[in-house]
Amino acid sequence: MSRRELLRMIGAAAGGSAMYQAMNTLGFAAESPYRGPIDLQGAPRGASILILGAGMAGMTAAYELRNAGYKVQVLEYNARAGGRNWTLRGGDRYTELGGHTQQCEFDKDLYINPGPWRIPYHHHGMMHYTKLLGIPLEPFFQVNYNAYLHSSRAFGGKPQRFREIKADYHGHIAELLAKATRQNSLDASVTKEDQEMLLESLRQWGALDSNYAYVSSDASSDRRGYDKNPGGGLSARPVASKPVALHEILDSGLWSGVANGDNFDMQTALFQPAGGMGRIGEAFGKELGPLVRYNAKVTDIRQDDRGVTVTFTDIQSPGAPQTARADWCLCTIPLPILAQISMNVSQSMAAAISAVPYAAAIKAGLQFKRRFWEEDEKIYGGITYTDLPIMNIGYPNTGFQSGGKGVLLGAYIWGMRAMEFTAMSPPERVQKVVDYGSQIHPQYHQEFENGVAVAWHRAPFTLGCFGMWTSTTRAKHYDNLCQIDGRIALAGEHASFIGGWQEGAVTSALDAIGRLHQRAVAQGAAA
Amino acid sequence: MRNAALGLAIGAVLLLIGGLRADADSPLFTSRATLGSLNGEQIYAHICQGCHMPEGRGAVGAGAYPKLAANKNFISWRFVALTVLDGRNGMPPFGFPAGRGMDSGPAHLSDAQIADVVNYVRSHFGNAYKAEVTAAEVSALPHPAAELIGPQ
């Protein structure tokens, strides 16, 4: 493996948000377009809408349209509300495509979110609906300075504290830049006056000494941590730590993990619902009550000039196909499934539906006898990044110091490695996750009790994790996907520029029902 | 990476029985560096069977993964090769240019590998198409756009 390859690989593994950027080449600098509750006044009397899918998009739409006076029906394939908004808890059973059933054996109050697990503060739509539904939020620690950056090929495979790598990386860069500034190498680009300011800012930013050097000192230890922390009394005196050399940081590739919390979607504050992300879907489902029909597998979507008829079968008690009919249809079915459902829409919409590949992704939850990451390593929440195939370890952002057992996210994997994990049976996946994770936390083998591993390509209700757009497919298909086709509109994270995030589902649903509402109003009660 | 080809072959065997000791160089997990060494059978075991299942059984949920066993569409090698190259109905493409993908992103398979995996699935799981597709024939088919996916 070439050095360049190695760096690229570690960078890829370490860069939590690199995936989203690489796979969704547009739209990530944009803030959520959510601007407050939608106004759907003047719904025609008796107007009806059929919503396919009770995930975040479908239930957002159902909630708003019901409140606006529409007659709403929702058809959902699963036996529960939420879709990818989902939490696995002790006692839950999950059968993936291929037939493997996993029994979640977590203790009470312990859980794993196989799908989304964090809500950035600027996902205003998600924030609105969690508030509306009375869901308590907890902080989600995207960045934990005491969690690890790990390369199996550097530092003897020993994980490094994020704090140390970040301080040393910035410190060495500051020293280099200060040197260049003092040698006037920057001449034209920095004025004489600005040079003074730049030098002072570099000293502060990089924790340099009075000679603009990044060395072992109180200043650098105040960033990277001390060998012996300051304390009280006779044992109070701190002992400064020694920075890692620049070339070691560069060679390790761990520098690529430093900016993980700087991306817009990862910036503090982020939140998680207390008790699991699935609390949102559960609350939404409860709110909608009998409007949602579960266990309904859609097989045909047919529109005519007066309405839309959807054929479905009840997967719990299969019998003759049943139908549901309404004036309008909002379809949130994930595209790999929708592409296989017979539907009379325009060629351009059909082409768009077939044009979006769905990402592979794996999440594994592991229960341990004790919270050794807290007890032994003082890691309270946050994420460790590694070049190992498990890619991420996420520590629970709740229940700190609670004594008993704990569940952590043992792996969050995407891309090629996720495909390979998907190709294994669930017990093999869990075993591999434990094996790899023990390279970072040797306590794993001693403390591990049980685990679950969800492979999104094998999720019967999505056939993938999220839609992957490129600039080419965006240009060719995106508008065609989102355009209302007769009486049918689509929504979901796949119909958004916030792909892979729940906010994409919410905002696409609001956008689509706003446009459907306009049409319904224009056509009046005679629709 | 030492003995990559041998390691991968061993890995493919161990994949079936499990219990491989984990380490960073585990041949079970490919990287962009080692992915290129996989043959058709290994590609099926490492990648395709995640969705199409062992023995090409396919699966049915809200939607389906097509069964590859005794699949009538396989009479057309072009159909199979284009599906692997460009993806289809949500299936990720594997034919975008080398060097444009990431380890964490979709995998790149060479035209020779695509030919090999096409030949593998067309001659296994109850499919018995004799005609061998060549890398050159795969190369002649349309590939996904060069700008497709990759770090900017």
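The values are calculated or read from the model by the stated rules, or taken from the named source; none is laboratory data. If you're wondering where the values come from, they're calculated on a predicted model, not measured in any experiment. Positions of Cβ are backbone-derived with ideal geometry, glycine not excepted, and every protein chain shown enters the neighbour counts.
Take the conditions (1) touching a Lys or Arg at 6+ places or on another chain (Cβ under 9 Å); (2) assigned to a helix (DSSP H, G or I); (3) surrounded by fewer than 18 Cβ atoms within 10 Å (Cβ to Cβ); A:T130 misses just one of them, which is (3). B:L15 falls short on exactly one of the conditions (1) at pLDDT 50 or above; (2) over 30 Å from A:F312 (Cβ atoms); (3) facing another protein chain (nearest Cβ under 8 Å), and that condition is (1).
From A:T332, A:T311, A:T323, grab the single residue that is of a type in the set (S, T, N, Q), modelled with pLDDT of 95 or more and within 16 Å of A:A491 (Cα to Cα). Being of a type in the set (S, T, N, Q), modelled with pLDDT of 95 or more and within 16 Å of A:A491 (Cα to Cα) holds for just one of A:T332, A:T311, A:T323, which is A:T332. Restricting attention to the stretch A:162-193, the residues that are under 15 Å from A:S252 (Cβ atoms) and among the hydroxyl-bearing types (S, T, Y) total 1. For A:A236, the conditions (1) more than 38 Å from the chain's Cα centre (by Cα); (2) crowded, with 18+ Cβ neighbours inside 10 Å; (3) modelled with pLDDT under 95 are fulfilled apart from (2).
I'm checking my understanding of the structure. Among residues of the stretch A:370-381 that are touching a strand residue (DSSP E or B) at 6+ places or on another chain (Cβ under 6 Å) and in contact (Cβ under 8 Å) with a residue 40 or more places away in the chain, which one is farthest from the other protein chains (Cβ to nearest Cβ)? Within the stretch A:370-381, the match that is farthest from the other protein chains (Cβ to nearest Cβ) is A:G381.
How about the stretch A:283-335: which of its residues are surrounded by 13 or more Cβ atoms within 10 Å (Cβ to Cβ), small (G, A, S) and not in a loop (DSSP other than H, G, I, E, B)? Within the stretch A:283-335, A:A283, A:G285, A:A296, A:A324, A:A326 qualify. Suppose we filter the stretch A:317-336 for residues that are within 14 Å of chain B (Cβ to nearest Cβ) and either of a type in the set (V, I, T) or touching a residue at least 40 places away in the same chain (Cβ under 8 Å) (or both); how many remain? Number of matching residues: 6. Count of the stretch B:49-85 residues, restricted to those that are within 11 Å of another protein chain (Cβ to nearest Cβ), crowded, with 23+ Cβ neighbours inside 10 Å and of a type in the set (A, V, I, L, M, F, W, C), is 2. Filtered by the rule that a residue be within 13 Å of chain B (Cβ to nearest Cβ), without any contact (Cβ under 8 Å) to a residue 40 or more places away in the chain and not in a loop (DSSP other than H, G, I, E, B), the stretch A:337-354 gives A:A350, A:S354. If you go through the stretch A:394-416 and keep only what is among the β-branched types (V, I, T) and either without any contact (Cβ under 8 Å) to a residue 60 or more places away in the chain or at the interface with chain B (Cβ under 8 Å from one of its Cβ atoms) (or both), you end up with just A:I413. Scanning the stretch A:471-508 for residues that are more than 14 Å from every other protein chain (Cβ to nearest Cβ), closer than 15 Å to A:A352 by Cα and β-branched (V, I, T) returns A:I484, A:I488. Quick check on A:F271: is it hydrophobic (A, V, I, L, M, F, W, C), out of contact with any Asp or Glu (no Cβ under 6 Å at 6 or more places or on another chain), closer than 30 Å to A:H124 by Cβ and surrounded by fewer than 22 Cβ atoms within 10 Å (Cβ to Cβ)? Answer is yes for this residue. Can you pull out the residues in the stretch A:417-470 that are of a type in the set (A, V, I, L, M) and more than 8 Å from chain B (Cβ to nearest Cβ)? Correct list: A:A418, A:V430, A:V433, A:V434, A:I440, A:V452, A:A453, A:V454. Of the strands (runs of 3 or more DSSP E) that lie entirely inside the stretch A:37-106, those containing 3 or more residues that are more than 22 Å from the chain's Cα centre (by Cα) span A:48-52, A:71-75, A:101-103. In the stretch A:106-164, of all residues being out of contact with any Gly (no Cβ under 9 Å at 6 or more places or on another chain) and basic (K, R), the one that is nearest to A:I383 (Cα to Cα) corresponds to A:R118.
Screening A:F368 with (1) within 22 Å of A:L97 (Cα to Cα); (2) crowded, with 20+ Cβ neighbours inside 10 Å; (3) not aliphatic (A, V, I, L, M) gives one miss only, at (1).
Here the condition is being surrounded by fewer than 24 Cβ atoms within 10 Å (Cβ to Cβ) and in a helix (DSSP H, G or I); of A:G514, A:G504, it holds for A:G514 alone. Pairs are defined by a Cβ separation below 7 Å, a sequence spacing of at least 6 or placement on different chains, a first member in the stretch A:134-163 that is under 30 Å from A:E287 (Cα atoms), and a second member that is of a type in the set (K, R) and not in a loop (DSSP other than H, G, I, E, B); the pairs so defined are A:I135/A:R279.
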